[in-house]
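Just so it is clear, none of the values below were taken in a lab; they were calculated from the coordinates. Predicted model only: the values in this text are computed from it and were never measured. All Cβ positions, glycine included, derive from the backbone under ideal geometry; neighbour counts span all protein chains shown.
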Number of protein chains: 2
Amino acid sequence: MSGALATPLPPNSTIGILGGGQLGRMSALAAAELGYRCHVYAPDADSPGMQVAAARTVADYEDPEALAAFAAAVDVVTFEFENVPARTLEILAPRVPCRPGRKALAVCQDRLQEKAFLERAGVPVAPWRAVHDLAGLEAAMAEIGLPAVLKTTRLGYDGRGQAVLRRPEEAAEAFARLEPRPLILEAFVPFTQEISAVAARGLDGSVAVYDAVENRHSHHILDLSFAPARVPEAVAGQARRHVAEVAAALELVGVLAVEFFLLPDGRLLGNEIAPRPHNSGHWTMDACQAGQFHQHIRAVAGMPLGSAERHSDAVMRNLIGPEGMARLPALLPQPDVSVHLYGKQAARAGRKMGHANCLLPRGSLSAQDEGKLLARL
Amino acid sequence: MSGALATPLPPNSTIGILGGGQLGRMSALAAAELGYRCHVYAPDADSPGMQVAAARTVADYEDPEALAAFAAAVDVVTFEFENVPARTLEILAPRVPCRPGRKALAVCQDRLQEKAFLERAGVPVAPWRAVHDLAGLEAAMAEIGLPAVLKTTRLGYDGRGQAVLRRPEEAAEAFARLEPRPLILEAFVPFTQEISAVAARGLDGSVAVYDAVENRHSHHILDLSFAPARVPEAVAGQARRHVAEVAAALELVGVLAVEFFLLPDGRLLGNEIAPRPHNSGHWTMDACQAGQFHQHIRAVAGMPLGSAERHSDAVMRNLIGPEGMARLPALLPQPDVSVHLYGKQAARAGRKMGHANCLLPRGSLSAQDEGKLLARL
């Protein structure tokens, strides 16, 4: 909290966005609607974010001269991803406000810190142990039991950097394969559903939480989000309270998502925090007055937050790789479906090319025939 | 209409936009959401549209070489304004699909053609006469009666290029002042409200019409739109039918608005056609699943149209000049208000800097206390 509280960045100020993928692109589009210019910094020319930015820097994320020039050219910096190298922040942070700040980024880029942080913030998590060597892994397996999941603590996403251990004999091979170390061993959780919730936290400390959603993955990549999650109100409310608490504890300025496992007994276990707009929040772009990207830019620019109210129910389908793009001819003629595409040239397998939001009258999702609904998405 | 019917422009195709103001900017933002690249052509560097475009051409609208290069660089061209010089279209049209096409632009850039066209399309208009010289003006006044409005037939907007004649003695001065000629004399219409409606027409000939709205002007510039118009359903339906008929008669591909005068007896008279997204359609950006800019790009790109259904009622307030921008601190904290700013640097008097959409639950507008509502916009 600072003098910026009462005075948002003036119109036509420049928001620097580190990262040029779809999250940076959609943030830039929201920023433009709110009257800001965007300067996108990324290593690849013609990345999705650069196609819609007023200014571009094509440079490595750790290039000190390019970073210093970027910091001088913008009024605030935000990030498309949490794995911002420490060196990058060392150069940017003294020169220009960075939102979210170091604390949120540091916690979320390290699974060990993240688990410990969730526990401190009052969010239950599955049993876990840090694993520094093979002996430590064996001790952790003995304590936690099998099956369990061995994961890298850094740079993992979409299921990369992890191995499910079902028998003790699998430990050595998995340990040898995964890096960088240390690793983390997490108890395998027999969850019934994966739930997530997105919250925005403003520079003034106010928090706006979207409804919790129910996520389904395919090949470890998010495939579908159902908004709102079809879970008891107590569960949905708990997820929303947790994400608000995490946002406050991280002193976040921006948007964040927390993923949860829902256990058969109704308990929620926190899994991951993403201190940025999140794929499971894309439904908000069409179903809420202020979508997550507008909310993120409002926070980063020091504006008051907008409304996270859901005016419609929604199902979000990711469009992944060539199969996802092949759905377009069937999706475009459906008037209740909004298609969002990211400007990526090659539809490689597993690449997120876009998403589609199907809107339904508020309150009607749980009564839908899910098979019929998904057949047309 | 053409082979393009069944196959929308592929993702990552480039849409050329002639004009770099707020309408081009909002069209470019919608195009990016739909996966297209935009190339903005305008005479001014750093115009609002250019700030969000993947490519830019800064050149005069009649520069033949720049236009030829632009045509070669894009897959389709659309226009932010209807006053496209004939020379510009002569260069572009043979090289690249132009949407809307020559017919719609020609009709809408000339008030004489426009009035005659509205009559042919079955839309009643106020009595009018072409005025080529002062003798003709006197004859026209004798036929139509006074008061009447003398207008240029080309390039008028926001009340410029017109004079209200109340007494015969005012004719000579007004005739001398207004140009280019010919002029048009229109009967002064004692309207009770100004109504408009926006429709999109796709390459396949399908038409989607938004709800008619009620407009209020201040100093001849649109100040407020109320969606939906608080008029009898028969009137609103008539406005929507008229605009759909006009779109079809113009063979429009894109979005168009028709402004109407509502007479005390409930009749509608057509006033103006704008063959493009229109200020009185800005409310659709937040209150409909597919706003007018998305609809425009869908049409121009050969996509099927989206839904023009209104999920919320809305009041749109234009933010004009310094007074408009001075409203921001009061508007931003209201969670049911979405602010759109255009990236213009200088807030000169009368300049459209942005707009704010206040959303209300569907069906609730007519029961609102209008004074209270407007006090917070």
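For this structure, a couple of remarks:
- Relative contact order for the stretch A:268-307: 29 percent, from Cα pairs under 8 Å spaced at least 6 residues apart, divided by residue count.
- Here, the stretch B:193-375 yields an orientationally averaged convex hull projection of 10.5 nm² when only Cα atoms define the hull.
- Label point 7 Å beyond Cα along the C-beta direction, distances from A:ALA346 to other copies (nm, shortest first): 4.8
- Label 7 Å beyond Cα on the Cβ vector: B:GLU370 copy-to-copy distances, nm: 4.9
- With only Cα atoms counted, chain B has Rg and Dmax values of 20.5, 60 Å.
- Whole-Hz ³J(HN,Hα) from phi, Karplus 6.51 cos²θ - 1.76 cosθ + 1.60, for the stretch B:66-75, glycine and proline x: 5, 5, 5, 5, 4, 4, 6, 8, 10, 9
- All-pairs Cα distance distribution in the protein assembly as shown, expressed in whole percent, bin size 20 Å: 16, 48, 27, 8, 1, 0
- Rotationally averaged projected area of the stretch B:273-377 (alpha carbon convex hull; nm²): 7.9 nm²
- Residue with peak Gaussian network fluctuation, chain A [Cα springs, cutoff 10 Å], from A:ARG310, A:ARG348, A:ARG102: A:ARG348
- The chymotrypsin sites (Phe, Trp or Tyr not before Pro) found in the stretch B:111-186 that occupy coil by DSSP, while having at most 13 further C-beta atoms within 10 Å, are B:TYR157.
- For chain B, lysine pairs with C-alpha atoms less than 26 angstrom apart, excluding pairs fewer than eight positions apart on the same chain, total 6.
- Likely footprinting exposure, A:VAL315, B:VAL246, fewest C-beta neighbours within 10 Å first: A:VAL315, B:VAL246
- With label points defined 7 Å past Cα in the direction of Cβ, position B:ARG216 shows copy-to-copy spacings of 4.9 nm, given to one decimal and shortest first.
- Dividing the convex hull volume of the alpha carbon atoms of the stretch A:1-63 by its residue count gives 94 Å³ per residue.
- Helix-derived mean residue ellipticity, 222 nm - over the protein assembly as shown, DSSP H n ≥ 4, -39500 (n - 2.57), to 500: -8000 deg cm²/dmol
- Legend: calculated FRET efficiency, A:PHE188 to A:ARG120, from the Cβ-Cβ distance at R0 = 22 Å, rounded to 0.05, equals 0.40.
- Summarising the amide proton neighbourhood of B:ASP223: residues at separation of 5 or more, or on other chains, whose placed amide H is nearer than 5 Å comprise B:ARG216, B:HIS217, B:SER218.
- Sequence of A:ILE17, A:ILE184 once ranked by neighbouring C-beta atoms within 10 Å, starting from the fewest: A:ILE184, A:ILE17
- Peptide A:48-54 - average C-beta neighbours from other chains (10 Å radius): 5
- Diffusion coefficient (Stokes-Einstein, Kirkwood radius over C-alpha pairs, 37 °C, 0.692 mPa s) for the stretch A:1-110: 237 µm²/s, rounded to a whole number.
- Neighbour-count order for A:PHE188, B:PHE260, fewest beta carbons within 10 angstrom listed first: A:PHE188, B:PHE260
- Whole-number percent relative contact order across the stretch A:193-375, with pairs defined as alpha carbons under 8 Å at least 6 apart: 22 percent
- Our note on the geometry: Cα centres of the stretch A:275-289 and the stretch A:297-362, 9 Å apart.
- Shielding by partners, peptide B:327-335 (average Cβ within 10 angstrom, other chains): 4
- Separation of the A:LEU134 and B:SER364 label points, Cα + 7 Å toward Cβ, nm: 6.6 nm
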